[in-house]
Amino acid sequence: MITVRLPDGSQREFDTPVTVAQVAANIGAGLAKAALAGKVNGNVVDTSYLITQDSDLAIITDKDADGLDVIRHSTAHLLAYAVKELFPDAQVTIGPVIENGFYYDFSYKRPFTPDDLLAIEKKMAELVKKDEPVTRKVLPRDEAVAYFKSIGEAYKAEIIASIPADQDVSLYTEGTFTDLCRGPHVPSTGKLKVFKLMKLAGAYWRGDSKNEMLQRIYGTAWAKKEEQEAYLNMLEEAEKRDHRKLGRSLDLFHFQEEAPGLIFWHPKGWTVWQQVEQYMRRVYQDNGYQEVKAPQILDRSLWEKSGHWENYKENMFTTESENRSYALKPMNCPGHVQIFASDLRSYRELPLRYGEFGQCHRNEPSGSLHGMMRVRGFTPDDGHIFCTEDQILDECVAFTALLQKVYRDFGFTDVIYKVATRPEKRVGSDEAWDKAEAALIASLDRSGCTYEISPGEGAFYGPKIEYTLKDAIGRMWQCGTIQVDFSMPARLGAEYVAEDNTKKIPVMLHRAILGSFERFIGMLIENHAGALPLWLAPVQIAVLNISDAQADYAQAVAQNLKKQGFRVHVDLRNEKITYKIREHSVQKLPYIIVIGDKERDAATVAVRARGNVDLGVMPVDLLVERLNSEMEAKA
């Protein structure tokens, strides 16, 4: 007798081994029809998987996250099947699931075209209508190599040949197409009804630039049509909000080939930067941080002591002078340890909080660069807290509260919290890890935060909390972090004198709220679609005259506003007022002031808010009151 335990606590008993599909049918015809896969004792398997002993089982449908992964993985295979049907000479390589979809790489004699994508997608739809079963079989490695060689699939044969000889491999077949895969897959092609091929790209075989350039086809797949439509609408909206385009159209910054991964800041963009930096500087000052500045170039010996030379050298820009090797700093922490260790510290000084807006450089691969979101030169809002083990909890609680306030001020209220725990390869005692992880979890509990645990995702030196923001169109951005480090202070000789007069090594908390100024400003631009809130807008107010007769009064109004700290542009050009209003509206200015004879004579101004909202005529003092209130609210 085999007992199958279900998620609701009920059990089903069977006299003989039973497949996942049979259990689903035993529960009900509706579930049998909806079943995409099963989860047996925590492992996701095909519906054809045979249960031979007492087990826990959950039937996976398209309502489950695992079900969506199965759909996307199976759709990648469907894509490869369609390509082989249309282009028999194409060779298939790999096709994994990625965020929101999948891709598959192919080797073919000519480049695929957009028309080819349309034809492939049409063929995929035809194969879905056939509703062909997807079946699994297992072969010895060498037999599988011989099979793929026999059908001319050299890449598949190469992949399988790299597997140890004593291992079997699983193959999945649908119709005339067979592919190497661990699985699981949907029971039949008819389960795959919502998908779209998105774009073409190039990719080197096995990620090595010395190898052949393959053709990568990206696609997306969903359980429901409305989910895919929402995703495509989000992509369309994201395209409109692309910070690279807005950076150009709003005259904020630009990129060029002579400086890959680096940013040319224009006056307006640098004004935004300064607002963010000065805000964060006040945050440091108000919360017990001392601002420091460490060198950008440090000797190789220091990077060896910190562990970066061994583990991170390929991402570091290096240089030599007078027979000494140096590296541009990829992060600020080793420099901050040097500042801490430059003097003998007392336990009475702890916690000691350092903050720095220090530019860092990382030699990111050119293919990974993406506007301001992935750069080679960046400035983190870096802070490091040197404390005792007993102070970790309080410092983490205070940091989370501070981070939440900063995010609210920038317009983000939806924060996702994750605790990344000890990885397999790590340094430090289990006791220290227990204390650090418990402190991070307790800090989120005390802060009233709902959080997820990410097992094994911590750094080798300690666990961390990751803070992820959701923007205006639902995209996720991992920004802030606080990490507990027991390793680097010891490696770099940081000590303090404890209450019992012994020397002890401090705990080092690495923390950032924005992550990096560049990326965070890019996020702000996209979140607000370029229409930055008043306190961040590079130009807050444009003052426009209707004719030359109001020029002097317009200048006087502008000077008055400037003296009160506002960023004002005066437009006295001899152009039609409708033209000037439209031009400044396109620049997404928060306020436009229009001055005609009536306003001049009454010492008032006509005010328009962003979005062509007519606020009417008011005295300048009343406008200033409104502006100050909005600035203070950071709305």
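Label separation (Thr3 vs Asn311): 4.6 nm, computed from points 7 Å beyond Cα along the C-beta direction. Expressed per residue, the C-alpha convex hull volume of the stretch 263-405 stands at 158 Å³. Based on Cα contacts under 8 Å between residues 6+ apart, the stretch 246-325 shows a relative contact order of 15 percent. Along its principal axes, the stretch 407-476 has C-alpha extents of 42, 24, 17 angstrom, given from the largest down.
Contour minus end-to-end for Ser209 and Ala29, with contour as 0.36 nm per residue of separation and end-to-end as the Cα-Cα distance?
Working: separation 180, 0.36 × 180 = 64.80 nm, distance 5.14 nm.
Length gained between Ser209 and Ala29: 59.7 nm.
Across the stretch 322-329, coupling constants 3J(HN,Hα) worked out from phi with the 6.51/-1.76/1.60 Karplus curve, θ = phi - 60°, read 6, 6, 10, 9, 10, 9, 5, 5 Hz, and Gly and Pro carry x.
Among the trypsin sites (Lys or Arg not before Pro) within the stretch 77-155, which fall in a DSSP loop and have no more than 13 other Cβ atoms within 10 Å of their own Cβ? Loop-located and lightly packed - Lys109. Converting the Cα gyration tensor eigenvalues of the stretch 528-579 into ellipsoid dimensions via √(5λ) gives semi-axes, longest first, of 22, 16, 5 Å.
Stretched out straight at 0.36 nm per residue, the stretch from Thr388 to Asp56 would grow longer than its current Cα-Cα span by 115.1 nm. Counting only Cα atoms, the stretch 142-190 measures 34, 22, 14 Å along its principal axes, largest extent leading. The modelled label-to-label distance for the pair Glu13/Glu99, using points 7 Å beyond Cα in the direction of Cβ, is 4.9 nm.
Taking the inverse of the mean reciprocal distance over all distinct Cα pairs, the Kirkwood hydrodynamic radius of the stretch 177-272 comes to 17.9 Å.
In the list [x] 48, 26, 23; [y] 51, 36, 26; [z] 42, 28, 25, the label attached to semi-axes √(5λ) of the Cα gyration tensor in Å as derived from the coordinates here is [y]. So the label point goes 7 Å from the Cα of Leu262 along Cα→C-beta, right? Which residues of the stretch 361-405 then have their backbone N under 19 Å from it? Label zone hits: 361-380. The value of relative contact order for the chain, using C-alpha pairs under 8 Å at least six residues apart, is 9 percent. Quick one: net charge around Ser150, please, counting Lys, Arg +1 and Asp, Glu -1 for every other residue with C-beta under 13 Å from its C-beta. Every neighbour counted, the sum reads -1. The amide H of Cys360, built 1.01 Å from its N in the peptide plane, has Phe378, Thr379 as neighbours under 5 Å, considering only residues 5 or more places off or on other chains. Spacing of the modelled spin labels on Arg324 and Ala556, each 7 Å from Cα toward Cβ, amounts to 6.3 nm.
Bear in mind that the values in this text are calculations on the coordinates, not laboratory data. Keep in mind it's a predicted model, so treat the numbers as computed, not measured. Cβ atoms come from the backbone with ideal geometry, glycine included; neighbour counts cover every protein chain shown.
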